[in-house]
Amino acid sequence: MSYPPFADLRERLKSGRAALAAAYLETPSVPRYLTRHATLVDGVLSDISARLALPASFCLAAVGGYGRGELFPGSDVDVLLLLPHDPTTEQQAILENWVQACWDVGLEIGHSVRTVEACMAEADADITVETNLLEARFVWGGRTLFDAFGRRFQARFDAQHFLDGKLAEQQARHARFDDSAYKLEPNLKDSPGGLRDLHTIHWLAQACGIHGGWSGIARAGLLTPAEARRIAREERALSALRIHLHLLARRRDDRLAFDYQTELAERLGLASTTNKRAGERMMQGYYRAAKLIQRANDILIQSLRVRLFPVTVPPEPIDADFQVRARLLEARAADLFERTPDALLRAFIVYAQRPALAGFEPATLRALWRGCTRIDAAFRANPAHRALFMTLLRQPTGLTRAMRAMHRYGLLARYIPAFGRVVGQMQHDLFHVYTVDEHILTVLRNMRRFTVPELAHEFPLASRLIAAFDKPELLYLAALFHDIAKGRGGDHSELGAADARRFCRQHGLDKADSELVAWLVEMHLAMSRTSQKEDISDPDVIAAFAARVGDVRRLTALYLLTVADIRGTSPKVWNAWKGKLLEDLYHAAHAQLAGSDEVVADIAAKQAEARVNLALYGLPGDAADALWKHLDRRYFVRFDVRDMSWQARMLWRRTDSPDVLVRARLSPAGEGIQVLVYTPDRPDLFARICGFFARIQYTILEAKIHTTRHGYALDSFQVMDLANRGIHYRDFLSYVEHELARDLDPAQPMQAVPRGRLSRHQRHHPYPATVKLEADAQGHGDMLSITCADRGGLLFAVAETLMRHDVSVYAAKIDTLGERVEDTFLIRGEALQTAAGREALEAEIDKVLSA
């Protein structure tokens with residue numbers, strides 16, 4: 001069927017939207033843009049309806065955000081065509097033409113065509129439909145029909161059913177984002193702390209008969225006028241950001257992607273500072289707004305629930321100030337926190353002591369939120385308040401949830417101002433996936449998990465050590481302060497140590513305990529760096545590390561903090577291999593500090609134990625001698641008994657074979673595989689091995705390169721699938737043995753490895769590549785350290801560069817931290833003997849990393 005052209009309406013919509021965008025960019029006003037955009041669309045839809053002679057008895061209604069009169073640049077135009085009865089065939093054709101016309105003029109509509117009865121049925125069946133209809137607004141047509149619809153909708157509206165449905169919907173939505181507002185690329189609308197959380201409050205307020213937006217909620221006594229203005233201000237800020245995002249993307253895109261963050265910050269007038277990029281400043285503002293919105297969502301939804309369904313359960317007194325009602329902690333007097341400010345801290349001690357509590361009663365929550373402003377310099381200086389905070393840290397249970405609650409409702413940032421400065425501060429270091437404040441609390445949680453007997457199987461050594469630690473609150477303080485100075489410029493470990501030392505002395509800790517906490521903060525990266533960058537089988541490395549630590553108590557505390565810290569950076573950073581390295585370093589340093597000679601390898605004892613292991617496989621007592629006669633003392637220091645036994649068994653009667661021998665087994669570390677390569681040595685060997693694993697997308701975690709006295713390479717590699725592709729390692733072993741041996745055949749040309757692309761995160765937040773070449777402290781050669789953004793084929797490119805310079809790799813530690821690599825190589829070669837040769841090697845590797 002033909003219908004009139006709508007070129008003029010298309011042009012009106014296009015030019016009208018362009019004018020609105022230009023006016024907004026010139027003088028930003030969120031309410032003006034949203035309402036005028038909705039009015040523009042109202043007019044276009046009305047004209048389409050009139051030109052197509054839509055029956056006057058039909059009604060066109062705006063629903064959803066469009067129904068609220070809030071139409072963002074890229075949002076769908078959600079409409080309801082309300083009919084008095086099912087359409088006739090002719091009317092159906094008109095409706096189809098109407099829909100087509102809407103799309104032709106440039107309106108991306110989401111439409112439904114229903115009778116009043118059908119609307120009621122759909123609303124009963126689907127909470128999303130019911131929510132859309134709740135915000136229905138008349139646009140064109142039969143006003144009488146629209147009014148009848150409104151009366152029917154209100155008559156069947158069940159507030160309790162609606163509240164339960166919206167809360168379940170919100171919970172499911174939050175779960176899609178891992179219940180975190182702190183994603184690197186959050187969704188402005190749907191993430192926790194996003195605009196949808198504010199919409200949910202408005203919908204539930206309407207269900208309670210409260211209208212008029214935030215002012216109406218304040219008039220109902222659920223907010224103070226100042227609180228209402230603050231939330232409204234944050235809503236406008238997020239809405240402004242969303243308008244800019246849609247205009248910049250030229251489509252609906254609610255995700256604050258890396259591609260947009262810098263330009264959005266510029267549009268908002270934010271400039272880079274010495275320590276923060278403009279995009280980072282913008283995102284910190286967003287995260288802080290999201291935290292406020294989460295706080296308001298918690299408090300107001302609970303308040304609205306109580307308003308709809310008053311709690312009639314009698315309270316159970318706890319003490320003179322607090323009681324429990326329906327599993328919620330409640331202040332016994334409305335003015336408790338005003339009269340007795342120390343109750344602001346005591347509330348969280350009670351909350352920690354009672355794990356059965358589900359949260360705080362709404363009025364108490366509001367009082368806590370308002371009372372946090374009473375935590376000022378005088379409050380923090382009060383000895384009684386300092387004692388209460390330490391009492392909280394010493395609670396045997398409930399500390400994590402109490403601290404998270406203090407943070408959520410703003411009290412932790414008030415009590416520790418340095419913590420307040422890192423709230424919402426993102427870390428674009430390519431491996432932290434949380435803001436600094438969330439990372440700190442995650443580390444605290446990890447530390448507390450070590451104390452839970454039911455979870456001892458996760459980290460047996462850590463659980464055993466913390467159970468014997470005399471003052472675990474010192475570990476919790478170290479967790480709170482270890483990253484607290486990030487973003488200030490300078491060394492955050494040193495600055496944080498000064499903060500921690502001052503805080504501890506102010507809170508009554510003696511000098512020894514204060515110095516331990518400060519030392520832990522200053523040294524919190526030392527153990528991970530030593531285990532992942534140095535050869536911890538080297539007695540000199542262990543002796544140097546033990547000397548830095550000083551005593552067993554410090555070693556134990558540092559080990560616990562290091563494990564909790566690494567596990568708190570990102571779910572992808574921790575693995576069993578890192579856990580084994582830390583455990584091995586702990587045990588070796590402990591032996592050194594205890595005065596044992598275990599660090600200096602007892603070669604005879606290791607060989608004797610290895611012979612016993614070989615005998616279990618039916619091998620003769622001298623089975624290892626043919627191999628061991630070609631190995632120097634350093635081999636027996638670097639490899640443990642299990643490795644020595646396995647390698648001797650695999651190489652029995654093959655020590656002089658000219659063929660390439662590759663053997664693989666499941667790694668004793670518990671994850672990944674261990675690969676043994678034995679073949680006559682040659683310069684391209686390490687590069688070929690790196691190339692093979694790069695092509696199959698497996699990550700080398702550690703390489704021990706040993707050359708025998710008769711010129712054979714005996715190399716051991718720890719390899720893992722960091723992408724977790726679900727490959728069965730046992731099925732993988734024979735493949736590696738066969739294919740790697742073929743790749744190492746000197747008759748075969750070395751295969752190239754294509755360089756992978758940088759991720760979007762890496763492109764928009766570039767991490768500077770660094771190359772450092774210095775003499776090894778133990779005198780075994782030179783130490784090459786590289787740090788850069790990770791990508792496929794990187795290790796092969798470095799290995800190939802070393803090969804071209806005739807430099808041999810003696811040992812390698814490959815540390816992948818999310819999207820960042822920190823690799824170290826112990827190397828030797830003639831090119832390293834001159835300053836010119838060293839400079840040339842550094843320059844070429846730097847070029848490879850930056851390519």
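Relative to the present Cα-Cα distance, how much length would full extension add between Asp625 and His211 at 0.36 nm per residue of separation?
Details: separation 414, 0.36 × 414 = 149.04 nm, distance 8.79 nm.
Gain on extension, Asp625 to His211, equals 140.2 nm.
Counting every alpha-carbon pair across the range 131-254, the share separated by more than 20 Å comes to 58%. Taking chymotrypsin sites (Phe, Trp or Tyr not before Pro) across the range 613-689, the ones in a DSSP loop with at most 12 further Cβ atoms lying within 10 angstrom of their Cβ are Tyr617. At a probe radius of 1.4 angstrom, the accessible area of the range 320-435 per residue rounds to 37 square angstrom.
Using only the C-alpha atoms, the convex hull of the range 89-176 corresponds to 131 Å³ per residue.
A simple charge model with +1 on the Cβ of Lys and Arg, -1 on the Cβ of Asp and Glu and nothing else charged puts the dipole of the range 642-801 at about 400 debye relative to its Cα centre. With N counted as the residues of the range 645-711, its alpha-carbon radius of gyration over 2.2 N^0.38 Å works out to 1.17. As a rough guide to protection, the peptides 69-78, 39-48, 436-445 ranked by mean Cβ packing within 10 Å, highest first, stand as 436-445, 69-78, 39-48.
Give me the mean projected area, in nm² to one decimal, of the convex hull enclosing the Cα positions of the range 638-783. Before the final figure, lay out the partial values.
On the way: hull surface 44.8 nm².
Result: 11.2 nm².
Mind checking the range 320-375 for trypsin sites (Lys or Arg not before Pro) that DSSP puts in a loop (not H, G, I, E or B) and that have at most 16 other Cβ atoms within 10 Å?
Working: sites: Arg325, Arg327, Arg332, Arg339, Arg346, Arg366, Arg370, Arg374; in loops: Arg327, Arg332.
Taking the range 320-375 and a limit of 16 other Cβ atoms within 10 Å, the loop trypsin sites (Lys or Arg not before Pro) found are Arg327, Arg332.
For the range 516-664, the Kirkwood radius over C-alpha pairs fed into Stokes-Einstein at 37 °C and 0.692 mPa s yields D = 189 µm² per second. Rounded to the nearest Hz, the phi-derived 3J(HN,Hα) couplings of the range 362-370 under the Karplus curve 6.51 cos²θ - 1.76 cosθ + 1.60 (θ = phi - 60°) are x, 5, 5, 4, 4, 5, 5, 4, 6, where x marks glycine and proline.
Relative contact order for the range 36-129: what percent, with Cα pairs under 8 Å and sequence separation of 6 or more?
Working: 93 pairs, mean separation 27.4, N = 94.
Once normalised by length, the contact order is 29 percent.
Distance distribution note for the range 395-488: the fraction of Cα pairs above 15 angstrom is 62%.
Annotation: per residue accessible area for the range 3-100 equals 43 Å², rounded to a whole number [probe 1.4 Å, protein chains only]. Summing +1 for each Lys or Arg and -1 for each Asp or Glu among the other residues whose beta-carbon sits under 14 angstrom from that of Glu227 gives +4.
Binning all Cα-Cα separations of the range 311-363 at 10 Å, short to long from zero, yields these whole-percent fractions: 26, 61, 13. Counting only aspartates and glutamates at least 8 places from Lys847 when in the same chain, those with an alpha carbon closer than 17 Å to its own are Asp790, Glu800, Glu822, Asp823, Glu839.
Which entries in the list Lys533/Lys572; Lys486/Lys572; Lys704/Lys772; Lys291/Lys533 go over 26 Å, if you measure between the two C-alpha atoms of each?
Violating the 26 Å limit, Cα to Cα: Lys291/Lys533.
In whole percent, and with a 1.4 Å probe on the protein chains, what portion of the accessible area of the chain is carbon and sulfur? Heavy-atom surface of the chain belonging to carbon and sulfur, 1.4 Å probe: 51 percent. Here Lys189 is the anchor, and the aspartates and glutamates within straight C-alpha reach of less than 12 Å, apart from those fewer than 8 places off in the same chain, are Asp197, Glu235, Asp253, Asp254.
Label zone of Thr373 (point 7 Å out along Cα→Cβ, amide N under 18 Å): in the range 403-420 this covers 409-415.
Taking only DSSP H segments of four or more residues, each worth -39500 (n - 2.57), what value at 222 nm results for the chain once the sum is divided by all its residues, to the nearest 500 deg cm²/dmol?
Details: 39 runs with 465 residues, N = 851.
So the helix-based figure for the chain works out to -17000 deg cm²/dmol.
Beyond 19 Å, what share of the Cα-Cα pairs of the range 214-275 is found? Please give it as a whole percent.
Values: 904 of 1891 pairs.
The answer is 48 percent, as a whole percent.
With Cα atoms defining each centre, the range 1-49 and the range 309-369 are spaced 52 Å apart in the structure. Kirkwood hydrodynamic radius computed over the range 442-528 comes to 13.5 Å, based on all pairs of distinct alpha carbons. Computed over protein heavy atoms with a 1.4 Å probe, the accessible surface of the range 548-699 works out to 40 Å² per residue.
The values are calculated or read from the model by the stated rules, or taken from the named source; none is laboratory data. Since the structure is predicted, the reported quantities are computational estimates derived from the model, not experimental observations. Note: ideal-geometry Cβ built from the backbone for every residue, glycine included; neighbour counts use all protein chains shown. Side chains are part of the model used for accessible areas, which takes the heavy atoms of the whole protein and leaves out ligands, DNA and RNA. Shrake-Rupley method; radii C 1.70, N 1.55, O 1.52, S 1.80 Å.
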